[in-house]
Every structure is written in C-alpha cells, then in structure tokens.
Amino acid sequence: MMQALHDVLAPFGPQAAHVRELWLLTLAVCTVVFAAVLAALLLALLRAPRANAQSSPDLSALMRPEPGKRRSVIAAVAASTLLLLALIAASIFTDRALARLSTEGALRLDVTAHQWWWEVRYVEPNVADSFVTANEIHVPTGRPVIVTLKADDVIHSFWLPSLAGKKDLLPGRTATMHFRADRDGIYRGQCAEFCGSQHALMAFFVVADPPERYAAWAAAQRRTASEPTSEQPVRGREIFMRSSCAMCHAIDGTAAQAVRGPNLTHVASRGTLAAGALPNTPEDLKRWIADPQQTKPGTYMPATKLAPEEMDALVGYLQTLR
Amino acid sequence: MMATAGSALRIAALALFAALALCACEREMRRFQTPPDNRSSPRPETPRTSTLQPAETRDDPVRMPAGNGEGYEGNAYNVAQGKRLYRWYNCGGCHAQGGGGMGPALMDDQWRYGSEPAQIFSTIMQGRPNGMPSFGGHLSEDQVWQLTAYVRSMSGQLRKDVAPGRADSLQANEPEAARDREPARPGAK
C-alpha cells in the first residue's frame with residue numbers, strides 16, 4: 001500500500017499553512033469560550049441556595065435583585081460579539097491571503113468525482129497534450145496547481161488536508177481550488193462528503209515530484225498503450241476487448257474507449273486499485289476483477305468470471321500497461 | 001370504555017404503520033454480494049443474431065434466459081440500476097429516452113420481438129437484425145436483467161412504487177413511475 005501523509009496539522013504548502021493558522025485561532029477562541037461558560041456554570045452551582053434534610057432552603061437570595069446583572073450581561077454579549085467578529089475577520093484575511101497567492105504558470109487539472117473514484121484530466125494549452133488518469137494525481141513541486149472540481153452523480157468533497165482545504169463538488173456546477181506542494185512526497189486525500197455506500201473507500205493520492213521527474217511522468221502518461229508482443233498479453237488483450245471490461249474502461253490506442261470507469265491506459269503505473277482500496281499487485285487485481293463486491297461492497301464494477309488461465313492472461317496484459 | 005377504544009385504535013394504527021414499513025423493505029433491498037456464477041447453470045444456448053458488438057466481436061453462442069426476470073422487476077434498486085446502465089451504455093443513442101429514433105420506441109405497446117422480460121433479455125443478449133448489437137458476454141447477465149426491468153418500466157409495466165421516480169440527468173419526458181400503462185401486446189408490430 002502507498003505510504004502517504006494525511007495530516008491536517010502538518011501543512012506542506014502555503015494554502016494548508018494558512019488554513020492551519022485559521023484552525024489554530026478558532027481552536028483557541030472556542031477553548032476560551034468553552035472554559036468561560038464552564039466557569040460561569042461552576043460559579044452558579046457554588047452560589048446556589050443550600051439545604052439539608054432537616055432545614056428548608058434559604059430562598060431569601062431569590063427575592064433580592066442580583067447585583068451587577070446588567071453589567072455581566074453586557075460584558076458577555078460584548079465578548080461574544082468581539083470574538084465572533086475576530087473569527088470573521090481572520091476568516092476573511094485567510095481567504096484574501098489564499099486568493100492573493102500566485103497562480104502564475106499554474107498546472108490545470110479537471111477533477112470529476114464519481115461513485116466511487118476520481119477522474120483526473122490534465123488540461124494542457126495544447127489539446128493533444130491533455131491526458132486522463134484516475135485516483136492518482138502527480139504534480140510538480142513548487143508550481144501552483146488549479147483544480148476545477150465537478151461531480152458526475154451526487155455531491156462529493158475534495159479534501160487534501162496536507163496541501164489545501166476542502167471543497168465540495170456539486171453536480172451541474174464547477175468549483176475551483178488551488179494548491180502548491182512545496183516538498184516532494186505522497187499526500188493522501190479523501191472524499192469528505194457522504195456520497196453513498198463506498199464513501200469511506202474513495203481516496204486519492206497526490207504525488208509531488210521535482211519538476212523534471214514530473215515532466216518524465218507526464219510524457220509517459222501521454223503515450224498510448226504499447227502493443228503487447230508476447231503471447232500471453234496478446235491473449236489478455238483479446239479477453240479485455242471481448243468481455244465486459246471494454247464496456248466501461250478505455251485503453252488509449254485500442255478499441256476500448258468507454259468512459260464509465262477509470263481510464264486504464266497506464267493502470268500498472270498506479271500505486272493502488274479501486275480508489276485506494278487495494279494495493280496494485282497482480283494477486284489483488286485478480287481478486288478485484290473476479291469479485292469486486294468482496295473488496296468494495298456496492299461498487300458498480302460487475303464481477304467478471306474467467307477461467308484461471310484467462311485471468312492470468314488478462315492480468316498479464318494489464319501489467320504491461322505502464 | 002373510551003380508553004379501550006382509544007388504545008385499540010392506537011394498536012391498529014401501529015400495526016398498519018409496521019405493515020407499511022415492512023412492505024418498503026423488500027422493495028428497495030440492495031444486494032451487496034456477487035450474483036452466482038452464470039456459467040455454472042446448465043441452460044440451452046442460442047446463436048447470436050447480430051455481429052454488431054462493442055469493442056471486439058465474439059461469435060460464441062449466448063445462453064437462454066433462466067426464468068422470466070424474477071427478483072428484478074419488483075426491486076426498485078435493480079430498476080434504478082437499469083436506468084443508470086441504460087445511460088452508461090448509451091442505449092439512448094438509438095432508442096432515445098424510450099421514444100425511439102434510430103432504433104424503435106420502447107415506451108409504447110409495439111414490440112417486435114416480444115415484451116416479456118425473457119424476450120427482452122434475449123433481444124439484448126442475442127442482438128436483433130438491422131442494428132441492435134449483441135451484448136451477450138459483454139455485459140453480465142445481472143446487468144442485462146436490470147436493463148430489462150428498466151426497459152419495461154418505460155411503458156409503465158412495473159408497479160408505481162418500483163419504477164424510477166426521478167432521473168440522474170436531464171430527462172425530457174415524465175418519470176417512469178408517473179407513466180400510464182401501455183398494455184404490451186406480445187408480437188404486435
């Protein structure tokens with residue numbers, strides 16, 4: 001499985017750092033307010049009229065007007081208003097600071113959320129350079145990334161805690177967010193809006209690489225699938241094209257051009273299967289194809305029953321898709 | 001006396017509510033396991049009628065339907081799933097939203113190859129002359145039954161509480177649950 005960072009309190013980019021500051025301030029204010037309310041409650045309990053079994057309680061205090069009643073109410077209202085205004089101001093300044101970050105020369109991504117995986121389209125100025133991948137986003141370090149967010153079916157939420165905040169993806173609307181990874185590494189993201197039975201298994205990974213390594217990766221992703229040469233992968237490709245696989249998945253450069261499931265042109269280069277649910281090993285791939293409901297109950301991928309040698313050939317072919 | 005009548009009424013209301021709640025259980029029930037391997041059941045095979053197929057063509061025979069779609073037409077989840085598959089696999093490319101276009105209409109009572117679930121299943125699996133592709137082996141039988149159930153909901157053949165009441169995407173006609181029943185005339189041309 002991919003070792004990835006998923007930590008709200010460990011920012012690795014300017015966006016996440018700003019959000020963390022706002023979060024710390026909110027935590028501090030809420031802690032102070034909570035402590036003050038508890039202190040007031042404690043004080044009231046201590047001042048309450050006491051009684052024991054023999055004597056009736058002394059209720060005379062209830063008849064006397066409370067000294068300084070107006071003053072404490074005014075002080076409490078004023079303190080609440082000021083603290084809330086401070087939080088609003090901090091939120092506005094955070095938003096402005098995020099909006100002012102440079103997006104000069106940004107990498108553009110279109111992310112579409114599906115039940116239950118992420119489609120990622122790299123939008124290049126030259127249309128022929130654009131390509132599609134799934135569940136794994138590679139970005140160069142130090143370069144801003146503008147992400148356009150769309151949903152295919154229900155509301156999802158794109159949450160990338162170590163690099164940016166969280167943004168909802170609404171069907172029929174587009175939202176944008178941007179982030180920048182300052183250090184290379186693998187960062188984990190997760191859908192953060194309940195979107196159906198497989199919501200918890202809808203993860204994605206952002207792999208931040210130095211620019212030259214990213215460029216090499218992108219160049220590899222732009223290539224269409226290479227022709228298999230040995231006998232087993234050729235047989236595997238035939239099985240792929242003749243069975244239910246080709247109804248939902250695309251492999252660029254072949255007859256499979258469906259868009260309902262993840263694009264598999266470079267599936268073997270990805271670290272995980274089924275949106276982070278399984279490590280991408282031949283054994284897990286076989287298990288996933290034969291019985292997806294076992295791993296991800298509710299998934300829309302149908303089970304494909306194949307004879308063992310057919311399954312070996314199919315997975316052998318998919319392993320060549322690097 | 002009043003108290004007894006009141007509590008009897010309350011018990012009757014509770015019983016009615018429980019019965020209504022139980023009715024709803026099966027209707028939406030969703031399967032989270034893989035349907036049994038459809039290769040294992042012995043069933044006669046029949047040749048494909050169409051060579052039109054997605055991706056690469058295959059010429060092996062397809063299997064005849066087992067039963068008449070029991071368990072699919074009474075289950076709202078399966079019908080809704082059929083509606084999703086109808087869009088995913090671009091059935092609308094020829095049949096539109098049931099009104100027909102390049103292919104025949106599906107929401108009237110004119111059925112060239114039969115309107116029984118088993119006949120529709122065979123039509124999807126075998127394909128039909130003049131353009132209906134053969135999907136046998138390209139789709140799981142489970143998906144074909146779901147599509148069959150949805151196709152029948154288009155002409156109001158299913159119960160109102162099972163047929164889809166809304167669409168995931170824009171739909172120009174009224175929801176399947178609100179359609180008048182077209183009395184299917186088997187064999188009608």
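The values are calculated or read from the model by the stated rules, or taken from the named source; none is laboratory data. Here the structure is a predicted model, which means the values were calculated and not measured. Please note: Cβ atoms are built from the backbone with ideal geometry, for glycine as well, and neighbour counts cover all protein chains shown. Note: accessible area is taken over every heavy atom of the protein model, side chains too, but ligands, DNA and RNA are not part of it. Shrake-Rupley method; radii C 1.70, N 1.55, O 1.52, S 1.80 Å.
Below, the figures for the structure above:
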| quantity | calculated |
| --- | --- |
| Distance (nanometres) between label positions extended 7 Å along Cα→Cβ at B:Ala105 and B:Leu52 | 2.0 nm |
| Three-way shape call for the protein assembly as shown based on the alpha-carbon gyration tensor, with the a/c threshold at 1.5 | oblate |
| Cα long-axis angle, helix B:141-153 against chain B (0 to 90 degrees, to the nearest 10) | 70 degrees |
| Qualifying lysines (Cα of each under 18 Å from Cα of B:Lys160; at least 8 residues distant if same chain) | B:Lys83 |
| Inter-chain Cβ neighbour average for residues A:236-243, partner chain, 10 Å | 4 |
| Estimated vicinal HN-Hα couplings, Hz - region A:22-38 in sequence order (Karplus 6.51, -1.76, 1.60; Gly, Pro = x) | 4, 5, 5, 4, 4, 4, 4, 4, 5, 5, 4, 5, 4, 5, 5, 5, 5 |
| Approximate shape of chain B as ellipsoid semi-axes (Cα gyration tensor, √5λ), whole Å, largest first | 37, 20, 14 |
| Hits among lysines - C-alpha to C-alpha of A:Lys305 under 20 Å, sequence gap 8 or more where chains match | A:Lys286, A:Lys296 |
| Solvent-accessible area buried by pairing B with A, both sides, nearest 100 square angstrom, 1.4 angstrom probe | 2100 Å² |
| Cα-based reach from A:Lys167 at 14 Å (exclusive), listing aspartates and glutamates while leaving out same-chain residues under 8 positions away | A:Asp95, A:Asp110, A:Glu193 |
| Extreme residue, positive dipole direction of chain B, given options B:Met132, B:Pro42, B:Leu16 (C-beta unit charges) | B:Leu16 |
| Cα-based Rg of region A:18-78 normalised by 2.2 N^0.38 Å, two decimals | 1.73 |
| Three-way shape call for region A:169-322 based on the alpha-carbon gyration tensor, with the a/c threshold at 1.5 | oblate |
| Estimated inter-spin distance, A:Ser130 and A:Asp291, nm [label 7 Å along Cα→Cβ] | 4.1 nm |
| Residue-averaged beta-carbon neighbours from other chains (10 angstrom radius) around B:79-87 | 1 |
| Average Cα contact separation per residue, chain B, under 8 Å, 6 or more apart, as relative contact order % | 24 percent |
| Selected from A:Leu87, A:Leu46, A:Leu107 as most flexible by GNM, with chain A as the system and alpha-carbon contacts under 10 Å | A:Leu46 |
| Potential extension, A:Ala215-A:Val32 segment - 0.36 nm per residue separation minus Cα distance | 61.0 nm |
| Largest to smallest accessible area among A:Lys166, B:Lys83 [probe 1.4 Å] | A:Lys166, B:Lys83 |
| Average other protein chain Cβ within 10 Å of Cβ, residues A:251-260 | 2 |
| Helix-only [θ]222 nm of chain A, DSSP H runs n ≥ 4, -39500 (n - 2.57) each, per residue, nearest 500 | -12500 deg cm²/dmol |
| Rough spin-label spacing in nm, given labels placed 7 Å along Cα→Cβ, for A:Ala40 and A:Arg100 | 3.6 nm |
| Extreme residue, positive dipole direction of region A:1-133, given options A:Ala40, A:His18, A:Ala90 (C-beta unit charges) | A:Ala40 |
| Charge context of A:Pro297, other residues only, Cβ under 11 angstrom, K/R +1, D/E -1 | +2 |
